[in-house]
Amino acid sequence: MSAGVPLTAEHVLEFPGGYTRTTGPVIGRFLTELREGRLMGVRTAGGRVLVPPLEYDPETGEPVTDEWVRVGPAGTVLTWAWVESPRPSHPLDRPFAWALVRPDGADTALVHAVDAGNVKSMRTGMRVRPDFVPGPERRGHIRDIRAFVPEVTRIVSPIRTRYRVSAGKALTRFLEGVAEGVFIGGRCDTCAKVYVPYRVSCPECGGVIAEEVNLPDTGTITTFAINNLPDPRAPEVPFVSAYVLLDGADIPMITLVGGVPAHEVRQGMRVRAVWVPPEERGMSMSNVKWFAPTGEPDAEVSR
Amino acid sequence: MGNRCAVIGVGQTRYQTKRRDVSIAGLVREAALRALEDAGLTFADIDAVVIGKAPDLFEGVMMPEAYLADALGARGKPMMRVHTAGSVGGSTALVGASLIQGGVHDRVLVVAFEKQSESNATWALSTHLPFSASLVVGAGGYFAPHIREYIRRTGAPEHVGALVAVKDRKNALLNPYAHLKIPGISLEMVQSTPMLWEPIRYLETCPSSDGACAMVLSSEKAVTGTPAWVHGTAMRSEPIFRAGRDTVNPRGGQDCAADVYRQAGITDPRRELDAAEVYVPFSWYEPMWLENLGFCAEGEGWKLTESGVTALGGDMPWNPSGGVLSSNPIGASGLIRFAEAALQVRGRAGEHQVPGARRALGHAYGGGAQFFAMWIVGSDRP
Ligand SMILES: [Zn+2]
């Protein structure tokens with residue numbers, strides 16, 4: 001035996017079978033009601049409703065009256081402490097809150113567990129309700145209430161609508177062109193404006209657009225945004241989304257700009273479409289990887 | 001313009017990120033009851049209800065007008081829903097006013113709302129249908145290029161956007177209903193926030209809010225309390241894909257403003273109006289709309305902002321309430337502009353009252369800056 005090491009041993013002191021507690025009429029009534037699934041308080045001579053009940057009014061020392069009041073079962077959390085790591089003796093085996101819950105109609109609060117799942121769901125003033133254990137398992141004990149649980153304040157409502165989207169005649173024609181590496185536009189019969197993508201009526205004058213125009217895959221950036229929020233369709237952040245006015249068109253297309261650092265993109269910059277290899281192409285704008293600078297001098301940006 | 005119409009009641013909820021304590025029905029009812037209380041009326045005094053909100057996809061509630069009839073006391077009464085994208089709040093007021101001006105009803109309740117916390121507006125605005133290859137990510141991604149073009153055209157210095165962001169948030173501190181309250185907000189604070197969609201910084205964007213706004217509109221013979229008289233109403237729209245469309249200074253906005261000024265007998269809005277509540281969801285839209293709405297010549301808007309003209313103490317206060325930059329329950333945002341204009345000319349704007357305001361503009365825009373709604377209200381009967 002070396003000196004300095006205390007001599008220790010485990011020892012349990014436990015009254016066999018547990019102590020009995022005679023409840024007396026007041027606490028006994030409360031627990032009996034609890035076994036029935038009811039939360040009851042008792043009124044004091046001064047008119048206050050005590051939950052849990054006491055035999056003697058803590059304010060006056062007088063016996064409480066024999067008037068019983070059904071309270072709650074819903075109540076309000078007055079204050080709480082979160083238990084992230086429950087101990088074996090705790091009522092729940094996952095994180096929970098100890099809380100002071102004042103049942104509706106009571107003037108006092110009782111301490112109980114609140115099973116809220118997550119500390120973010122807890123707040124002072126929140127509404128909770130007792131979750132009683134099933135009837136046959138109740139035995140007249142405060143743990144006949146498994147825990148208090150938050151009231152239902154929101155539900156999740158999944159909504160999913162499935163469409164069959166038809167590209168339509170005009171867009172199909174445009175995408176046929178894109179599949180071949182050509183941007184097909186259309187010239188208005190009436191006002192001669194050239195629209196791209198191809199469409200069959202003119203938003204300016206209402207005229208019919210019958211004449212197809214094959215546009216080059218070069219154009220000028222009229223304006224753009226540098227996007228610092230990620231997007232699944234963009235290769236990286238930041239990415240540039242730009243209005244590109246194709247040569248010969250009267251309306252710009254919104255497109256990705258690549259092959260150049262975002263902060264070097266300019267209004268007036270000349271760009272050309274970068275097409276994916278022919279074998280990867282389909283009827284989709286994803287045939288255009290992006291527009292990249294041509295290296296030509298900048299064009300003048302008109303209004 | 002038809003019969004005279006007046007605003008006799010205004011009700012708003014406090015705008016905030018999440019109203020977890022109420023359903024959509026509870027939210028709109030809160031605003032409606034406050035508007036009725038302001039007018040000294042009850043639902044029984046209302047002839048018809050007009051409700052507005054932004055796209056159904058925002059909350060996934062289809063036909064909200066059917067769902068919300070009970071909450072708005074509309075049982076057995078005409079009720080209709082208006083939808084014109086972000087300008088819908090303004091259009092809702094105008095549809096309501098037209099029912100009075102046309103002599104159809106004597107008292108109309110108009111309500112608009114959004115409960116943005118139920119889903120995500122950017123998601124709802126970026127649905128990416130097959131065959132299209134749109135790279136627009138939400139409203140910011142759409143408007144940023146047009147702001148860039150405004151800056152290029154006018155040579156406006158970079159800090160002008162931040163000035164608006166500071167001014168409107170300072171005003172919000174005076175408005176009990178405003179969502180964003182940033183005490184001590186400064187130019188440096190705004191300029192230190194990240195670029196989201198360059199040239200738009202984080203604090204140059206509007207918040208995402210839950211909230212509702214309501215007004216009671218009345219015919220002349222049914223007026224109660226303090227009226228704000230409607231002096232002019234106008235709506236315009238233009239196709240988003242129109243060749244030659246000027247996205248910086250849209251024709252729809254110019255035409256709408258010209259129409260509403262003509263009705264109100266206004267030739268110089270800068271001098272003849274006392275306050276304006278204008279839809280500015282991104283800070284740079286203040287100088288852009290100053291020009292679009294004819295408060296100055298093209299290219300001069302940023303100078304008005306920079307010189308403090310549009311501040312609460314300036315000679316032409318814009319958005320004394322804090323504007324959309326401080327509170328944005330999208331569908332309601334336009335109606336709030338119209339309602340705040342009415343509060344100003346009724347002398348009921350509290351701490352953000354423009355002293356002696358007699359005529360004010362309410363403005364809303366939506367879509368790709370393609371839907372416009374405006375009204376002018378005044379303290380004098382037209
Ligand atoms: Zn045409």
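The values are calculated or read from the model by the stated rules, or taken from the named source; none is laboratory data. Bear in mind that the values here come from a model prediction, so they are computed numbers and not experimental data. Note that each Cβ is placed from the backbone with ideal geometry, even for glycine, and that neighbours are counted across all protein chains shown.
The single condition among (1) away from the ligand (no atom under 16 Å from the Cβ); (2) part of a loop (DSSP other than H, G, I, E, B); (3) within 11 Å of chain B (Cβ to nearest Cβ); (4) not charged (D, E, K, R) that A:LEU245 does not satisfy is (2).
Given the residues B:TRP289, B:TRP302, B:TRP284, which is the only one that is hydrophobic (A, V, I, L, M, F, W, C), within 14 Å of another protein chain (Cβ to nearest Cβ), crowded, with 22+ Cβ neighbours inside 10 Å and over 21 Å from B:ARG346 (Cβ atoms)?
Details: B:TRP289 fails: within 14 Å of another protein chain (Cβ to nearest Cβ); B:TRP302 fails: within 14 Å of another protein chain (Cβ to nearest Cβ).
Within the list B:TRP289, B:TRP302, B:TRP284, the selection yields B:TRP284.
Quick check on region A:189-211. Is at least one of its residues within 32 Å of the chain's Cα centre (by Cα), surrounded by fewer than 17 Cβ atoms within 10 Å (Cβ to Cβ) and either more than 12 Å from chain B (Cβ to nearest Cβ) or not β-branched (Val, Ile, Thr) (or both)? Walk me through it before giving the result.
Filtering region A:189-211 down to residues within 32 Å of the chain's Cα centre (by Cα) leaves none.
Checked against the condition, which is being within 32 Å of the chain's Cα centre (by Cα), surrounded by fewer than 17 Cβ atoms within 10 Å (Cβ to Cβ) and either more than 12 Å from chain B (Cβ to nearest Cβ) or not β-branched (Val, Ile, Thr) (or both), region A:189-211 yields no hits at all.
Among the residues of region B:311-319, none qualifies, meaning not one is part of a helix (DSSP H, G or I), more than 16 Å from the ligand (Cβ to nearest atom) and more than 14 Å from chain A (Cβ to nearest Cβ). Between A:VAL128, A:VAL111, A:VAL156, A:VAL133, the distinction of being more than 13 Å from every other protein chain (Cβ to nearest Cβ), of a type outside the set (D, E, K, R) and loosely packed, with under 14 Cβ neighbours inside 10 Å belongs to A:VAL111 only.
Does B:ARG337 satisfy the criteria of being in contact (Cβ under 8 Å) with a residue 12 or more places away in the chain and within 18 Å of B:TYR177 (Cβ to Cβ)? Yes, satisfied. Within region A:168-180, if we keep just the residues that are over 13 Å from A:PRO216 (Cα atoms), touching a residue at least 12 places away in the same chain (Cβ under 8 Å) and surrounded by fewer than 23 Cβ atoms within 10 Å (Cβ to Cβ), the residue that is nearest to the ligand (Cβ to nearest atom) turns out to be A:ALA170.
Among the residues making up region A:181-216, a single one is in contact (Cβ under 8 Å) with a residue 60 or more places away in the chain and either assigned to a loop (DSSP other than H, G, I, E, B) or near the ligand (Cβ under 9 Å from one of its atoms) (or both): A:GLY181. Quick check: is even one residue across region A:218-236 modelled with pLDDT of 95 or more, within 16 Å of the ligand (Cβ to nearest atom), of a type outside the set (S, T, N, Q) and touching a Lys or Arg at 6+ places or on another chain (Cβ under 8 Å)? Checked against the condition, which is being modelled with pLDDT of 95 or more, within 16 Å of the ligand (Cβ to nearest atom), of a type outside the set (S, T, N, Q) and touching a Lys or Arg at 6+ places or on another chain (Cβ under 8 Å), region A:218-236 yields no hits at all.
Count of region B:54-72 residues, restricted to those that are away from chain A (no Cβ under 13 Å), in contact (Cβ under 8 Å) with a residue 40 or more places away in the chain and of a type in the set (A, V, I, L, M, F, W, C), is 4.
Conditions first: (1) assigned to a loop (DSSP other than H, G, I, E, B); (2) without any contact (Cβ under 8 Å) to a residue 24 or more places away in the chain. B:HIS105 passes all but one, so which condition is the exception? Of (1) assigned to a loop (DSSP other than H, G, I, E, B); (2) without any contact (Cβ under 8 Å) to a residue 24 or more places away in the chain, only one is false for B:HIS105: (2). Of all residue pairs spaced 6 or more apart or on separate chains, those with beta-carbon atoms under 9 Å, a first member in region A:129-150 that is acidic (Asp, Glu) and a second member that is exposed (fewer than 14 other Cβ atoms within 10 Å of the Cβ) are A:ASP144/A:GLU137.
Please work out if A:ARG281 is among the basic types (Lys, Arg), away from the ligand (no atom under 16 Å from the Cβ) and over 20 Å from A:GLY181 (Cβ atoms). Quick ask: steps written out before the conclusion?
Details: among the basic types (Lys, Arg): yes; away from the ligand (no atom under 16 Å from the Cβ): yes; over 20 Å from A:GLY181 (Cβ atoms): no.
So A:ARG281 fails the test.
Are any of the residues in region B:251-269 of a type in the set (Asp, Glu) and over 25 Å from B:ASP315 (Cα atoms)? Among the residues of region B:251-269, not one is of a type in the set (Asp, Glu) and over 25 Å from B:ASP315 (Cα atoms), which makes the answer no.
Being away from chain A (no Cβ under 14 Å) and either basic (Lys, Arg) or surrounded by fewer than 16 Cβ atoms within 10 Å (Cβ to Cβ) (or both) is the filter here, so list the residues in region B:179-202 that pass it. B:LYS181, B:PRO183, B:GLY184, B:SER186, B:LEU187, B:GLU188, B:MET189, B:SER192 - these are the residues of region B:179-202 that are away from chain A (no Cβ under 14 Å) and either basic (Lys, Arg) or surrounded by fewer than 16 Cβ atoms within 10 Å (Cβ to Cβ) (or both). Restricting attention to region B:1-36, the residues being surrounded by 24 or more Cβ atoms within 10 Å (Cβ to Cβ), farther than 19 Å from A:ARG154 by Cβ and among the polar types (S, T, N, Q) number 1.
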